[in-house]
Each structure stands twice: as C-alpha cells, then as structure tokens.
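Heads up: the structure comes next, in structure tokens.
No value in this document is a laboratory result; all are computed from the given coordinates. The structure presented is a predicted model; accordingly, all values stated were derived computationally and were not measured. Because the Cβ atoms are built from the backbone with ideal geometry, glycine has one as well, and the counts that use them run over all protein chains shown.
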Amino acid sequence: MPEGHSVHRITRQFARNFVGRTVELSSPQGRFAAGAAQLSGHVMTDTRAVGKQMFLEFDNGLWLRVHLGMYGAWDFAGDIIMDATIASSNGRMGQTNQRGTDLAPVLDSAGENSMHSIGAPRRTRVRMAEQEKEIDQLDTFPPEPVGQVRVRLLTDTVSADLRGPTACEVLDPAQVDAVMARLGPDPQLDDTPEAERRFVDTVQKKPTRIGLLLMDQSVVSGIGNVYRAELLFRARINPHAPGKSLGEASLRALWRDWAHLLAIGVNTGQMMTMDDLTGDDYSLAMKNRADRHWVYKREGLPCRICGTHITLEEMGARKLYYCPSCQA
C-alpha cells in the first residue's frame, strides 16, 4: 500500500500540473461516469494530502477524494512539469541525508524516484504510487487509456489516469471536513506542538499494541508497513508494547522521527530510513531498497546492530519485522 510520502508527492504533481486549469474528467472504465460528470469542465483550485488520502478541489465547490489502497496508482502523461518544490537551488533534487547533505538524485533498481525529469516539461508517462517509474516517451497526446482506468483527468497538456483505487468519490466541503476529522495528525500538514500532543495523548490512552496503533490512520496519518517497522526499530520499541505503557518522551521522539522520515520520503521518493549514510554507502542504499532499511524485509538476516536474526510475524493482517533483541 502506498504510504504517506507517495500520496504527498502525487498531490504535489496535481498542484503543479492541474491547479488553475480547466480539467475534463471521464471514466474510461465506466464505474465513475456520474462522478466525473459532476466535476468535468471545472477549474481545479486546490489539492490536499492527509496521510494516505488525497483531495482535489474544483471551482464548483466539490472535491474528488481518492484513497489508493493496496493496488491504486496514478499515471501522468503529457508535458509534465515535475514538482519544483522538491528541487534544490542548484537545480538538483533536494535529496538530503540525515546530516543535511545535499546529494544528487539516484534512481534505484525498481525505478523509484522518477523526479529526475524535473525542469522543463517533457512529453512522457510517469507512474506514481508506492514505486515511481518513468514508463516511456509519448508519440501522441492524450494517450489511449490502458487497462481499467477509473477516472481520467485531462487538460490541454497533461492527463492523469487512476487505476485500482480503494476509494474514488465526489464530496462536498462538509463531507471532506468529516473525512479529515477522522484522520490522525499528519506532520507534513501540521508539525506543531499541538499535533504532537494529540498523537501522544491518543497513544497513551490505549491498551492496543503500538505496532497496531501506528497503522491506525485515526491515530496518526500516513504510516504503513515499511515505516511502522523502521520507526519502531529506530526507537528500540517493542511492537507488542501497549500504547499506554510508553512514556511521553518516547512517544514525542517517535512523532518527531516520523516527521523527519516522512520529509525525506517526500523529497526523495524513497523510504530511506538508515542513519548517517554518506558517499558510496548512500548511493548504494538509494539504488537498492535492501540497503536502506534496518529491519523491513530482512527476516532471518542478522540485525545490523546486534546480530540477532530479524523476526517476521503477522500483526494486524500485515507482515511485521523487528529485532527481538534490540526491541526487547
């Protein structure tokens, strides 16, 4: 499932390429024809991401809400202007390691971080979800829909096709407010002391295991399986510990680390969770997911800190990775 950093990056692409423009909406698949008709021909006026959900506002006061779920993805095509807010002043991607060093972008073996095409518009296709990948160059625009496209958004220069979402619906402002009110704090939107306090208070009231609470989008927004495993390892917290058993200092540090890792993910397109990597080690980790995580998908391998074999079990119907020694 796409985690919070992916949804923020997708939403920025809409802000860059669609806001302020008249958008035609259609449903090549046919399942969203009525909703598309409500929004088609209107100007997109705003974009918002909260955790794993995104909201696109139009000038008739209605919003398009999308939750990608396990299988959803957006394909952008046309003269795409990549998100300028992620560029650094020297024209390179603002990829920053945990010491703050500005490093050039690195594509990994799975094609993540398609932001190498930043700068002048380029007629191409880019897929954006958990993995980002530039697909090919376009000969004609708009391209023919490929597969089961739930909704297509089209301007005179750019199209965006949505496939496989868990949710795709038109909401009025009151309905949008109601959805957002059910979501936990997202540090990309609100990294204030109040948001931190809300997270800490919510967790400390619950007997539920922290490994489940971090995946509960009403507790905190945007954390998925990868970030759950990595955050808990970095904090040396046992995933089975009840939320109410954790001290305030530990939970405040956990919130701040989530804000930190989320910002790295938004800026780089990759869930880089290893500490203090520089030079060749950083480049290797950015190219290979196996080299940029502490415990995720490392079951049976020795812990990078203590050498104990990483454990894999199921929690909340999802795979959980942790070190039984470091996180005892």
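Observations on the model:
- Local electrostatic count, ARG234, Cβ distance below 15 Å [Lys/Arg +1, Asp/Glu -1]: +3
- For a straight C-alpha distance cut-off of 17 angstrom, the lysines reachable from LYS319 (same-chain residues fewer than eight places away being disregarded) are LYS297.
- Length gained on full extension, ARG256 to ALA290, computed as 0.36 nm times the residue gap minus the Cα-Cα distance: 9.8 nm.
- Listed peptides 269-280, 67-78 appear in the order 67-78, 269-280 once ranked by packing, highest mean of other Cβ atoms within 10 Å at the front.
- GLU169 versus LYS297: modelled label distance in nm, points set 7 Å from Cα along the beta carbon direction: 3.3 nm
- Formal net charge of residues neighbouring MET215 (Cβ-Cβ distance under 11 Å; K, R +1; D, E -1): +2
- Summed residue charge, Cβ within 9 Å of GLY72's Cβ, Lys/Arg positive, Asp/Glu negative: +2
- Mean sequence separation of contacting Cα pairs (under 8 Å, at least six apart), scaled by the length of segment 184-322, corresponds to a relative contact order of 22 percent.
- For the Cα trace of segment 184-322, dividing Rg by the Kirkwood Rh returns an Rg/Rh value of 0.96.
- Burial ranking of peptide ranges 302-315, 42-55 (average Cβ count within 10 Å, highest at the top): 42-55, 302-315
- Whole-Hz couplings from phi, Karplus 6.51/-1.76/1.60, listed for segment 179-184; x for Gly and Pro: 5, 5, 5, 7, 9, x
- Inter-part distance, segment 35-49 to segment 205-279, computed on C-alpha centroids, equals 33 Å.
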